[in-house]
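Down below is the structure, laid out as structure tokens.
The values are calculated or read from the model by the stated rules, or taken from the named source; none is laboratory data. Predicted model, so just to flag it, every value in this text is computed and none were measured. A quick note on method: Cβ atoms are made from the backbone with ideal geometry, for glycine too, and the neighbour counts reach across all protein chains shown. Surface accessibility is based on the protein's heavy atoms, side chains included, excluding ligands, DNA and RNA. Shrake-Rupley method; radii C 1.70, N 1.55, O 1.52, S 1.80 Å.
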Amino acid sequence: DWKGRSYNEDHHQEHGGLEHAGQRPTRAASRLFTSAVEAVAKPLKPKVASQSKHSQPAEPAVTESKAWTPCPKQSDVTVCSDMGRISPFAVGYACSQIGHKQPEGRAENIPLSRVWQQVKVNSDAETCYLGHEFPMMVFRAQSADGTEQLFTTEPWKLYCLQRAAVARKHLKPIIQPRFILDSAVIEEILKDANIPENFNQICIIGPDGEEERFSWEAKVSKSPKTGCA
């Protein structure tokens with residue numbers, strides 16, 4: 001098994017030892033999502049097309065976030081733990097855009113393109129484990145049509161992990177996130193979330209307002225090694 005100090009010991013120190021193996025996250029996870037997105041997301045002014053006096057106003061875009069409901073599964077985590085092992089490509093973004101700098105951590109405010117990722121290639125030379133200094137928080141939700149999907153409360157971490165996985169697309173990427181298993185907490189997160197139609201794409205807003213769209217689907221061909229369907 002891959003064990004790294006950044007996953008357990010650093011997380012324990014950062015949060016004052018409040019989380020133990022098997023303990024479910026509290027409602028603070030909802031505030032974590034809100035603060036994380038507010039800290040990095042840089043809202044853009046909507047572009048409104050010019051209308052004549054007799055033209056009808058455009059219909060507002062329908063948000064997809066309300067269509068998702070909590071769907072936690074104990075099978076997502078290992079025994080006596082709230083952490084599991086999944087592909088970074090199995091996680092979607094619960095927002096449409098983020099800022100270009102890391103909002104927290106040891107290297108706060110550095111560009112996301114320079115955030116260091118922990119990488120360990122397995123002995124079989126086919127699998128690589130990717131990590132961050134603190135585990136990424138994820139939760140499972142279900143859409144109105146019954147589709148289940150994993151999302152994260154920390155989109156900037158997902159972007160960094162997916163970017164690292166794309167750079168090693170000849171290997172099967174594995175991450176070890178911390179799962180939120182409390183339905184009430186997930187419900188609160190979904191109230192604040194604005195899940196886009198394409199949750200596999202994220203828009204990074206640069207310092208001057210420039211946009212960079214990242215999608216792992218556009219960069220990685222579908223194959224068993226990448227964990228894609």
(message) Tell me whether the stretch 145-186 comes out rounded, prolate or oblate; compute the Cα gyration tensor, take square roots of the eigenvalues as a ≥ b ≥ c, and use a/c under 1.5 as the rounded threshold.
(response) prolate
(request) Across the stretch 68-222, how many lysine pairs, 8 or more positions apart or on different chains, have C-alpha atoms separated by under 23 Å? Please give the number. (result) 18
(message) Give me the dipole magnitude in Debye, nearest 20, for the stretch 68-222 about the Cα centre, with unit charges on the beta carbon: positive for Lys and Arg, negative for Asp and Glu.
(response) 660 debye
(request) Within 10 Å, count the other beta carbons around each residue, average over each peptide in 186-199, 73-86, 157-170, and list them highest first. (result) 157-170, 186-199, 73-86
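Taking a 1.4 Å probe, which of Thr127, Thr147 shows the most accessible area, and what order do the others take after it? It would help to have the intermediate numbers written out before the result.
On the way: Thr127 20, Thr147 65 Å².
Sorted by accessible area, descending: Thr147, Thr127.
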(message) Just to make sure I understand: if all protein chains stay in place, what is the order of Trp68, Trp156 by accessible area at 1.4 Å, largest first?
(response) Trp68, Trp156
(message) What number do you get for the stretch 68-222 when its Cα radius of gyration is normalised by 2.2 N^0.38 Å, N = residues?
(response) 1.03
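What ranking of Arg178, Arg213, Arg140 comes out by heavy-atom accessible area, probe 1.4 Å, highest first?
Correct descending sequence by accessible area is Arg213, Arg140, Arg178.
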(request) Starting at the first residue of the stretch 132-141, write each ³J(HN,Hα) from the Karplus equation 6.51 cos²θ - 1.76 cosθ + 1.60 with θ = phi - 60°, in whole Hz, x for Gly and Pro. (result) 10, 4, 10, x, 6, 8, 9, 8, 9, 10
